[in-house]
1. Rolling a 1.4 angstrom probe over the protein chains, ignoring ligands and nucleic acids, what is the accessible area of A:R21 in square angstrom, nearest 10?
2. How large is ³J(HN,Hα) for each residue in region A:58-63, as worked out from phi by the Karplus curve 6.51 cos²θ - 1.76 cosθ + 1.60 (θ = phi - 60°), to whole Hz, x for Gly and Pro?
3. Rounded to the nearest 0.05, what FRET efficiency is calculated for B:R68 and B:D168 with R0 set to 25 Å and r the Cβ-Cβ distance?
4. Determine the shape class of region A:102-145: with a ≥ b ≥ c the square roots of the Cα gyration tensor eigenvalues, call it rounded for a/c under 1.5, and otherwise prolate if a/b is greater than b/c, oblate otherwise.
5. So what J values fall out for region A:144-156 if you push phi through Karplus, 6.51 cos²θ - 1.76 cosθ + 1.60 with θ = phi - 60°, rounded to Hz, Gly and Pro as x?
6. Taking amide H positions as placed in the peptide plane 1.01 Å from N, state which residues far from B:T65 in sequence (5 or more) or on other chains have amide H under 5 Å from it.
7. So if R0 is 41 Å, what FRET efficiency would B:R60 and A:R112 give, r being the distance between their Cβ atoms, rounded to the nearest 0.05?
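The values are calculated or read from the model by the stated rules, or taken from the named source; none is laboratory data. Because the structure is a prediction, the values reported are computed rather than measured. Every residue, glycine as well, gets a Cβ built from its backbone with ideal geometry; the counts of neighbours run over all protein chains shown. Heavy atoms of the whole protein, side chains included, go into the accessibility calculation; ligands, DNA and RNA do not. Shrake-Rupley method; radii C 1.70, N 1.55, O 1.52, S 1.80 Å.
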Protein chains: 2
Amino acid sequence: MTNDGPVPAGPGVDWDPADHRDRADLVEAARRLMSAVALTDVPPDELRRVTEQLDRLTGRLTIATRPRCLRFPLPTAGFQGRVRGSADPVLGLFNPIAVPLTPTIGADGTARGTVTLGPLFEGPPELVHGGYSALLMDGIMGTLVRALGINAMTGTLTLRYLAPTPLDRPLELSARAVSREGRKTTIEGRITADGRPTVLGTGIFVSPTGATPERPSPTRP
Amino acid sequence: MTNDGPVPAGPGVDWDPADHRDRADLVEAARRLMSAVALTDVPPDELRRVTEQLDRLTGRLTIATRPRCLRFPLPTAGFQGRVRGSADPVLGLFNPIAVPLTPTIGADGTARGTVTLGPLFEGPPELVHGGYSALLMDGIMGTLVRALGINAMTGTLTLRYLAPTPLDRPLELSARAVSREGRKTTIEGRITADGRPTVLGTGIFVSPTGATPERPSPTRP
């Protein structure tokens with residue numbers, strides 16, 4: 001299976017975003033708009049006119065709504081390939097506040113993804129906001145947990161910020177499972193920029209009492 | 001000083017968003033649009049038409065742009081009142097991806113704020129995504145650090161998820177300084193829903209070498 005080809009439907013595999021192209025295009029347009037809103041320098045009159053027209057478009061979209069964001073089945077145990085969170089607010093293809101990142105689960109059981117964050121994500125001057133680094137770490141770790149077929153939520157999250165994380169540079173995110181004991185799965189993650197780790201994270205994900213594990217242990221403990 | 005009244009300009013105080021009403025209104029409209037995009041259920045034809053018109057509005061806003069998001073001076077040591085991050089991606093009034101939360105620094109040196117997160121922020125069913133809880137914790141802790149007049153970035157962040165954080169319920173965020181030793185300032189924070197803590201956090205914020213502290217210790221260590 002290549003990373004970019006279509007993925008057949010069924011348990012243990014991902015869904016095909018090509019089936020929802022119009023929605024994905026709209027979400028991408030909303031992301032472009034957000035950047036434009038944050039960086040615009042047009043005169044106040046024009047800001048007011050655009051605001052009015054934006055609200056009109058919002059009105060058209062809310063003529064028919066759903067109570068929750070669109071969701072598709074998550075990959076189950078043993079999945080390899082690209083993981084597309086459907087409406088996930090961190091890595092969701094259909095959620096405009098999500099970061100445009102689609103991690104890949106490799107044959108070695110590691111989740112990896114690359115993302116470049118622009119001015120919208122600036123905390124200290126020319127650096128990514130520390131809270132967004134935390135969000136991304138939890139996002140990629142949680143994605144790996146689900147790709148391992150484990151039903152669990154974040155129990156503890158510990159992050160060490162080793163170096164500033166730059167804006168406008170490709171950030172490589174990775175996560176791997178290090179242990180699974182009873183209801184607790186421990187995941188290590190990192191953010192790397194220009195070949196240098198900027199944030200290291202450890203997450204302990206806890207399964208609900210009585211949850212049936214879909215597999216006894218991660219592929220690569 | 002009340003929480004809602006105008007705030008005079010000058011060192012140690014906040015800026016007045018009324019001076020930038022048109023921009024704040026546009027950002028609010030962009031937030032409404034994002035929710036509509038995520039929850040819309042209109043037919044594909046209409047999705048395509050709205051996408052096209054959205055891109056036209058983006059084009060109008062990008063006729064004149066700035067390289068970075070708009071920023072205003074942050075409050076300095078001893079500040080009390082509402083803290084409005086200008087373009088901050090976590091709590092920024094002028095950043096559409098930010099959460100609409102404006103924390104208040106009280107006379108006791110504690111930062112507090114309330115926010116309700118809707119379907120856009122859903123992780124597990126009907127719960128706030130754990131990554132967003134991490135983002136909010138870093139956001140309110142970092143806001144307090146700046147309101148104490150301390151120049152520092154997140155060094156370590158440790159979060160314990162005690163209970164699920166519900167969607168569509170008011171979440172109370174708080175942060176207080178517990179110690180300051182050399183370049184390290186330790187902040188404790190929590191998220192409370194329905195009177196019950198859901199996330200506890202400890203952040204160690206580290207000042208750059210040679211940074212001149214604006215005050216020797218937090219107001220309430």
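1. The value for A:R21 is about 120 Å².
2. 4, x, 5, 6, 8, 4
3. The value I calculate is 0.15.
4. Details: a/c = 3.80, a/b = 2.28, b/c = 1.66.
Since a/c reaches 1.5 and a/b is larger than b/c, the shape of region A:102-145 is classed as prolate.
5. Running phi through 6.51 cos²θ - 1.76 cosθ + 1.60 with θ = phi - 60° gives 5, 4, 5, 5, 7, x, 9, 8, 7, 10, 4, x, 9 Hz.
6. Amide H neighbours of B:T65, under 5 Å, 5+ apart: A:D41.
7. Once rounded, the FRET efficiency stands at 0.60.
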